[in-house]
Every structure is written in C-alpha cells, then in structure tokens.
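Accompanying notes for the structure given below.
Rule-based calculations on the coordinates, nothing more; no lab input. Everything numeric here is computed off the predicted structure, so don't read it as measured data. Here Cβ is always computed from backbone atoms with ideal geometry, including for glycine, and neighbour counts include all displayed protein chains.
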Protein chains: 2
Amino acid sequence: MDAAEFRKRGKEMVDYIADYLEKIDKRQVFPDVEPGYLRPLIPDCAPQDPESFEDVFKDIEKIIMPGVTHWHSPYFFAYFPAASSFPALLADMLCGGIGCVGFSWAASPACTELETVMLDWLGKMIHLPEDFLAGKDGQGGGVIQGSASEATLISLLAARTKSIRRVQSEKPELTEADIMGRLVAYASDQAHSSVERAALIGGVTIKSVPSDDTFSVCGSALKKVLDEDKASGLIPFFFCATLGTTPCCSFDKLLELGPICNKENIWMHIDAAYAGSAFICPEFRHLLNGVEFADSFNFNPHKWLLVNFDCSAMWVKKRSDLTGAFKLEPLYLQHHYQESGDANREQCNKQENAVTLELRFTLQRLDLLRKKIYCSFAFLKEKYKHWQIPLGRRFRSLKLWFVLRMYGVTGLQEHIRKHVTLSHQFEHLVLQDERFEICAEVVLGLVCFRLKGSNELNKALLKSINEAKKIHLVPCHLREKFVLRFAICARTVESTHIRFAWQHISQLATELLKTWQQNYHQQ
Amino acid sequence: MDAAEFRKRGKEMVDYIADYLEKIDKRQVFPDVEPGYLRPLIPDCAPQDPESFEDVFKDIEKIIMPGVTHWHSPYFFAYFPAASSFPALLADMLCGGIGCVGFSWAASPACTELETVMLDWLGKMIHLPEDFLAGKDGQGGGVIQGSASEATLISLLAARTKSIRRVQSEKPELTEADIMGRLVAYASDQAHSSVERAALIGGVTIKSVPSDDTFSVCGSALKKVLDEDKASGLIPFFFCATLGTTPCCSFDKLLELGPICNKENIWMHIDAAYAGSAFICPEFRHLLNGVEFADSFNFNPHKWLLVNFDCSAMWVKKRSDLTGAFKLEPLYLQHHYQESGDANREQCNKQENAVTLELRFTLQRLDLLRKKIYCSFAFLKEKYKHWQIPLGRRFRSLKLWFVLRMYGVTGLQEHIRKHVTLSHQFEHLVLQDERFEICAEVVLGLVCFRLKGSNELNKALLKSINEAKKIHLVPCHLREKFVLRFAICARTVESTHIRFAWQHISQLATELLKTWQQNYHQQ
C-alpha cells in the first residue's frame, strides 16, 4: 500500500469509525459469540501473497465486530469507563504517523518535552502541590505510564531501594537479603490486586489493612498493624492508599494516613486510577486533600478524562528516588557520574543536564540515565560499554495535548459532572424501589446496588441482565455481599439511557422474584 | 468535536500523515532544537475554554515537528528500525475507534481470540516448534507484549517461581528467602540492559557470561560459570540467550547452550528482539536452530516486520509456568481451582476453559486467572472477594492481522531481504576504503564500522556526522573499541540513500583526518 492508497483507505476508515461510534447504540452491547468462535472463521496461517484492503476491510464486520464488547455503547455500564474522544483519536493517528520511539530526549525531543509540560498542565488542573511539578527546575514531575499497575510497581520498587539504603546506613550489619525479608508493604483490603502483584514481583511481603464500614482505611487501622509489625521486628516501608476503590469507589483517609506514613518513613503512594479525573472539578478536589503527604500519585486520564487508552499519569515529589531505584550501590552510581578525563567534559556535563530533563523515571528509561547515557552529540562517557536500544514509548502526550486544548478545562469538567449527575439519577431510581438497596455511598460515577436478599438472588439477577444483553454490568463483593456495580461509562450516555437501564433491571427483577418465590414455595 | 467534524478532521489528518511520510526525505533527519525548547512555546497551563482544531493543527508544524527526530526518514540509520506501514496505521485507527480494553475474554472476545490466532500465524511463519503454538488445545502459545523487556521480566519471574518450588520440594528446610538469595540468572556480556534490570526488579543476582571473539556466548563459557557457581552453593535458574545483540547483531550459540540449560533445570529465554523478524526468510531461519530447547522466545514485529509500535511477540512452551508464576503456594492455588459446591459447577468449569483460552499470561491478566475469575455469564466463584478492574490492553492484534494479510509472507520477506542487501552494500563500500574497518560480521541489517585508529578519532567522526545532520547514526562499544553502527531502518530506504550516506561519511572522514593530522603534527 502506497501513500496514495493510504489517503483513500484512511478516509474510508475515518468514515467507518465515525459510523461505528455514531450508531453504536444500535449494536448489541455484549456479543453473542461463544469462546473459540474466531479461529474457524479465518485461515490456519498467514497468506503467502498480499490480500487487498477490501478483503481485509469486509472481514471487520464479518469476523471482528461479532466478537466485540462495545465499551462505548451508552448501554455499557461495566467495569469503569474507558475514555474515548475524537480529539484523542486524531492525536493517536498523528502519533502513529510520526512513529518515533521516544525513549530519550535525542530519540525525539518533542516527545519527551511535550510530556513533561502536559503532566504539569494536568497536575495544575487538579491542584497538585507544587512539589509534584517539574516546572523549570523542580525536583518532582510527572510521566505517562501505561497503567496504574505500572505506577504502583515503580513506586514500590523505588520505596524498596530507599528503605534498604536507609536501614543499611542505620544497621550496617544487616544484609540486603535480611532487610528484604523484613520489609512490609500495606494496602486497603479494598485495594486493587495490582498492589499485591507489585509486592510479589518485588519479592516483599504485603498485608491488607482492614477498611472501615465505609470501605475506607482510617489512620487507627493502619497504626494498629504497623505497631504490631514493628513489635515483631518487621520494617514497614510502603503504603498504597486508594482514592476511588475498584469495588465501590471508596476513599482512604489521606489526612489521617499521610502523617503516620511520613513519621514512620513509609512511602505513601496514592492510586486514584478512576477517581483522579474528577479532581479537576473544585467540588471534588477535597477528596484529594492529604496528597501533600504522599511521595507519589497516579490517576488514569484513559479512564475518565476522554484520553484514549493508554495514558496513566504518575507524579513523584523526588525524581531522584526513582532514578536511583534500580541500583543498590550508590558507589557504583557515583563511579559513573563522577568519571572525568574527558576532554569535552564541560560540554558533556551540559549534555547531562539536558539528559536529566529527558529522563523522567519511566522504568524503561532508568537504564539510560543510570549507566549508559547517550549524549546526543556523541560524547559517550568512558566505560559505558554498550550503546542502549530503546525500551520504546509512543508519543502519548499528543493525546493529552489535543484533548486538553479541544475540550478546555470547562469541557472536561462538564463531562465529569454529567457522569456524576447520571449516577445520582440512577441512585435515586434505586432508592425509590423498596426491593433494592444501595450498598456504598455514591460519590462519583459508580452505583453499587442489589436486591435485598441473598447473594444467590443477586447472582441470578445479574445473570438475567447479562443474558438479555440489552445493557452490560459486572458485579463485585462488598464484605460478604454480592453486589451489582452500575458504572456510568460512555461519553455519549444520557439520562434516557439511565432510565431505560433502570426500567429494564426493574422488570427483570420482577420476573426473577416471581420465579424465585415460586421455587421457594415449591421447596 | 462531534462525529461530523471528526469525519472532516480525520481526513485532513490522513492527508497530513500521507504528506509527512511522502516528503519525509526533505526534512532534516535530526532536529536543531536545544533541550528545553518546547516549554516557552506553549502556555503554562491548559486553556479554560476549548480551542479549535485549526489552532491545534497549526501548532503541529510550529511546535512539534521542529523537535521530532524523523525515524522514518531514509537518512535515519540509528538504533534499530521502528516499524511503520500504512496497513498498520489503518489497523491502529480501527483499534482506537473500537476502543475496547481487552483484559479478559468477556471484555472483548475478538480482541483476545484474534491475538491467539495471530501469534500462531506468526509462530508458523518463523517455523517455531509446535510446542510454542496454542493451536486448539496446545499447552503453549503466544501473546503480544509491549516490549522485549517485559517479555524478559515475565519469563524471569516465571523461572524464579518454578525454581523456588522445585528447590523447596527437594530441600524443604530452605525458606523462600534462602533460595532467592542463591538464585542466579545469566546473560551474555553483550545482552541488553533490560535483562539486568529484570533481575534487579525480581531481586535475584545476575551474572554476565563472557562472549567469544565473535561476540557470541558458546556452551563452554556458560558451563564454566555454572560449574563455579554451583560449587559455591548458588542455584543457576535462568539464562537469557540473545539472537541479534544490540551492539553488533551477534548470535548466541543456542545449539550448545540449550542442552546445558535443559540438563541443569535452567529456564532458557531467547531474546531476538530485532533479528526475529528475519526468521520468516528460509535463508535466515537456521539462526533460530536450537529454539526447541528454550522455554520462552520473543521478538519484536514493531522493529522489523512493518507493524507499528508496540507489538512484541512472546511465546512459551508451557502457559502454566507463567499463569502460576506469581503465587508461591501451590496449595493456595489448588484451593481456588478445586472449589466445589457450586450448583452450576459444570457450567462454571466450561467457563473456566473459556477463560483459560483468554488468559494468556500477560502480567496484567494473571490475577484474573489466579484469584478472581469473572465468568461472563455471572458465575462468580465463591470466595473470590473482589471483582477486578482491567489492567488494560489495546486491540494490538489488529495491526498484525492487517500487515500479515496486506503484505503477505512474500511481501514481508521482500522487505527483510531488501534491508539485508542494503547493509551488505554499505559493508562493501566500507571494505573498499582502506581507512575503515568492519568490526563484526554483517549478518542482517546492521553494519558496525570505524576508522582504523583511536576511539577519539571515531568519536570525532561520529560528532561531525551527527552535527551535519544529513544522516543520523549512533555508536556502540565493542570490547574497548568505540564503533559506529549503521542500521538499515526506514521502510523506504533505497540503494541511493546508502550511497549518499557513504559518500557523506567518507568526505567527513577526509576532512577530519586532515585536521586530525595537522593537530597531531602541531602537538
């Protein structure tokens, strides 16, 4: 395919996407296919000879679409939203067209620099404390990660290194393995499983802190486990607070937790994957109070800020905590940074400052900073044995730039507020029906609800909802209760869709209760 | 922006991208900007009110393009190629338009199933042993990762768990921490730094195995370090072999290394990030001989197979090694899989099989399998406390599907062969000039060369090349030598560009040698 054909096919694709999104409400939100449906529909191996675009294009409706769960349907209320907007789609097209791999400043200066500035824009929109911004010469700053899980892992690893160094300096008789064996990370019993996984990867123990009856962790609960663990010789080093938990969108009490963490030398990371976008609205910003105590903070514009996946924004107060995270011997580091004897040393230092700018603590880019800096004007530091191939990154900040500018702060606030209003509308409908109960406070765009009665009854209700396939929901457990989650997801969802969804659920509940009571009487 | 405006703007963007790529040879390959260039060009914070598409669009040429390193310019010979093709761009547009987050089968069946089948297609194209394919009921299979580094990390973590379990069953008196402290991973002294980083993240020791004078690791070198380490009580558990190293595209000797790893219970992972694409050509497939001994294998279609970033293909022989990797207590696992008492158990099992299909060992998806499977028909397993939010994935297999079909195997072979021919053309030009030397065997699309003489001389040559900005190269170190790497990169690079590049380098060398000799005489 040459550029001329791309012009033609690209425009056809633009129309296809516009058609798809304009008429997505006409498609069944959840597909009918059974597992394994696709393999029999396509050949066993790749074709030897090229096929035409038409051949491939017609298979989209024939093979792909029948197996797609339509996340942007206004009848999709499952999981949390996946952001999508036209400005973001345009930016992603441009990102693909430029096709640079921005692993370092030199590999594409615009890619690195726009990211730094966009994360400052975004940080200012949610009024992050200045410590977290890069500015012209700040110690903190933001970076785009692929997911909140990556952000959690990176902060846990940075905390691990920092703690090992601190403990080693206090008790030089302990080996790294001794210390690792005593480190403990903490998170709410409502926290996302990625926190546990981060600890497993990092080889440290993790413990759940019990949440209270609003599903929030409070200071006293954390203090209790810390005291117990310290008494038995363990070393608490990391706490992941959640703002907007996955099951029910509850909020840990940062203002109580933060001072404890600071006092105890515990790294506090805040995971606000879903809820973070709401903090651009002044009326929700109070939920972030206490962030000033945190070491790192993360939320996903790819969930609720109209920036297509993937765009997870992470900030830290001290970049150096991260850039030093993967090497435990500070001497080794110093060795590399303090090398001299290069005739162009001054220029090289100038380059290093430039490189500092570019190396904004993604896991991928740490190596370049640490050991093998490639100076763009060919001053390779002595003893840097290998030149390093990128651990690539796409030009993801373009999406933020397009979305923030073409919506403006007010446009994005409007989007958040519409979703919150719709969730309260749904909550109100549920509350008017005595058969149902609300299971957790509705703060943002998620409503947790259930039929008063057994878990089996509610499982049956969810089954009938998802088998009817007019809307799509997923469940969660809150303590011992099986609960239905109703998340406001689509950019285009409106009040009519909410009313339709509720009428549908209500009717299925009526039918279910009829059968259920009959069965009950038969037993 | 509504769908109607997206139709208009999307088409303008298609034309902009086509123009950019058609005339990319007219742009200076490496930008003129200095670090920090971008911040003064844009406002300090996001606009309150929406800006128009025109406002944003005109800033692309004004603000972004002056800071772009043009990876797809035919004058770009740096790093390794970043793949780009029109079919892949079209597929990525569709991926964005659908905008599903494919973290599980139910979240979008097509997304999961197409990936399985595409990885089988790709595996067959390079004649991977059948063990690595998913087929209808194989134990192996492939998955798309974001980068080769992720693949290395995941295989190392899987190997770590497997080894800990094995050693614990043999020597129950050892704790997990005892065993972790003795585990050793290995890779060539030419291996990518991501292998070292994977070990740092995983908390295990890693050692370099010396490569021979062709920069390859041979069996005897590995055996020597293994014998020494075993004698001192260490536990070798992981070897990362490289096919096509970053500095000079050398190849570790799989046929010698594989049997040693198998005998010693060492997980062998093969990183063929760049070189792997070449194995679709029968004349290069012999370089992969020995893959039959490996546990996992990885290469990056986003480097050399015309599939835009990110698309890193990873295969394993035993999916269960990975799906079990993040939990060290097999009993805990069994507990969850062996739960009974569910009225719908049979149907639930059926769902679990479906889920097995979908859960193809990405780091992200392991949790769902391990603890909290969400059955699409609402059979939540008892005791799975929380419903889990996705750790998302884009619909990346669409790119593979479009590219493999629209190029066909023959079209892709043609692309690889053109690049290899061009690298030999460049090698030939270098060899005809007695001032220069070739520093490593040219096997695929990379030529390592230098002026005969000091490292300082070669640094000066690279500096003059990159300051002229007519072409772009990066260096490497091979042992003590500073070497220039000339990598064939762009899809559109032709023989004329190679000749131009050589004449340019040759002329700069002449000028440099003149000054250099003058300075030498003056000293």
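With the simple model of a label 7 Å out from the Cα in the direction of the Cβ, A:Leu255 to A:Lys8 spans 6.5 nm. Give me the base-10 log of I(q)/I(0) for chain A at each q in 0.06 Å⁻¹, Debye formula, one uniform scatterer per Cα, rounded to two decimals. Scattering profile of chain A, log10 relative to I(0): -0.35.
Quick one: if the Förster radius is 22 Å, what FRET efficiency do A:His127 and A:Arg417 give, using the C-beta to C-beta distance and rounding to 0.05?
Numbers: r = 17 Å, r/R0 = 0.79.
It comes out at approximately 0.80.
With a Förster radius of 60 Å applied to the beta-carbon distance between B:Glu54 and B:Gln507, the computed FRET efficiency rounds to 0.85. Between helix B:148-170 and chain B there is an angle of about 40 degrees, using the helix long axis and the longest principal axis of the Cα atoms. Our note on the geometry: Cα centres of region A:461-523 and region B:455-523, 68 Å apart.
Loop-resident GluC sites (Glu not before Pro) (DSSP state other than H, G, I, E or B) in region B:466-523 with no more than 15 further Cβ atoms inside 10 Å of their Cβ: B:Glu480, B:Glu494.
With Cα atoms as the point set, the radius of gyration and Dmax of region B:27-172 evaluate to 22.9, 69 Å.
Each Lys or Arg adds one and each Asp or Glu takes one away; over the other residues whose Cβ falls under 10 Å from the Cβ of A:Lys124, this sums to -3.
Taking the three principal axes of the alpha carbon atoms in region B:156-257, the coordinate ranges are 45, 26, 20 Å, sorted in descending order.
Subtracting the Cα-Cα distance of A:Gln28 and A:Lys469 from their residue separation scaled by 0.36 nm leaves 158.1 nm. For B:Glu494, the point set 7 Å out from Cα toward Cβ sits 5.4 nm from its twins in the other copies, listed from shortest up.
Shielding value for A:474-485 is 3, the average number of Cβ atoms from other chains within 10 Å of each residue's Cβ. The alpha carbons of the protein assembly as shown occupy a box of 103, 68, 55 Å along the principal axes, longest dimension given first.
Work out how much length B:Glu228 to B:Asp212 would gain on full extension: take 0.36 nm times their residue separation and subtract the Cα-Cα distance, in nm to one decimal.
Values: separation 16, 0.36 × 16 = 5.76 nm, distance 1.87 nm.
Roughly 3.9 nm would be gained on extension.
Taking packing as the residue-averaged number of other Cβ atoms within 10 angstrom, the listed peptides A:74-85, A:407-418 run from highest to lowest as A:74-85, A:407-418. Taken over the alpha carbons of region B:407-522 as equal point scatterers, the Debye sum produces base-10 log I(q)/I(0) values at 0.21 Å⁻¹ of -1.19.
Given 0.36 nm per residue, what is the gain on full extension from B:Met65 to B:Asn519 after removing their alpha carbon distance, in nm?
Numbers: separation 454, 0.36 × 454 = 163.44 nm, distance 3.89 nm.
Residue separation times 0.36 nm, minus the Cα-Cα distance, leaves 159.5 nm.
Order of A:Glu150, A:Glu292 from fewest to most other C-beta atoms within 10 Å? Kindly include the intermediate steps, with their values, before the conclusion.
Working: A:Glu150 23, A:Glu292 16.
Fewest-to-most Cβ neighbours within 10 Å comes out as A:Glu292, A:Glu150.
Per-residue shielding of B:180-193, expressed as the average number of other chain Cβ atoms within 10 Å of the residue Cβ, stands at 2.
For the residues of B:110-120, the average number of beta carbons from a partner chain within 10 Å of their own beta carbon is 5. Sequence-ordered 3J(HN,Hα) estimates for region B:259-268 from the Karplus curve with 6.51, -1.76 and 1.60 and θ = phi - 60° stand at x, 4, 4, 4, 5, 8, 6, 9, 5, 9 Hz, glycine and proline given as x. Between helix A:219-231 and chain A there is an angle of about 50 degrees, using the helix long axis and the longest principal axis of the Cα atoms.
Give the order of A:Glu264, A:Glu434, A:Glu115, A:Glu228 when sorted by the count of other beta carbons within 10 angstrom, beginning with the fewest. The partial results should precede the final answer.
Values: A:Glu264 17, A:Glu434 7, A:Glu115 28, A:Glu228 11.
With the fewest neighbours first, A:Glu264, A:Glu434, A:Glu115, A:Glu228 line up as A:Glu434, A:Glu228, A:Glu264, A:Glu115.
What ranking of A:Ser454, B:Ser312, A:Ser397 emerges when the number of other C-beta atoms within 10 Å of each C-beta is taken as an exposure proxy, fewest first? Don't skip to the end; give the middle numbers.
Details: A:Ser454 13, B:Ser312 25, A:Ser397 29.
The order, fewest Cβ neighbours first, is A:Ser454, B:Ser312, A:Ser397.
Among rounded, prolate and oblate, which fits region B:45-127 when a ≥ b ≥ c are the square roots of the eigenvalues of its C-alpha gyration tensor, a/c under 1.5 means rounded, and a/b larger than b/c means prolate? Cα axes put region B:45-127 in the oblate bin. Converting phi to 3J(HN,Hα) with the Karplus coefficients 6.51, -1.76 and 1.60 and the offset θ = phi - 60°, region A:71-77 yields 4, 9, 5, x, 9, 9, 10 Hz in sequence order, with x at every glycine or proline. Taking Cα atoms only, the orientation of helix A:109-125 departs from the longest principal axis of chain A by about 60 degrees. Each principal axis of region B:3-97 carries a Cα extent, and these read 43, 35, 22 Å when sorted largest first.
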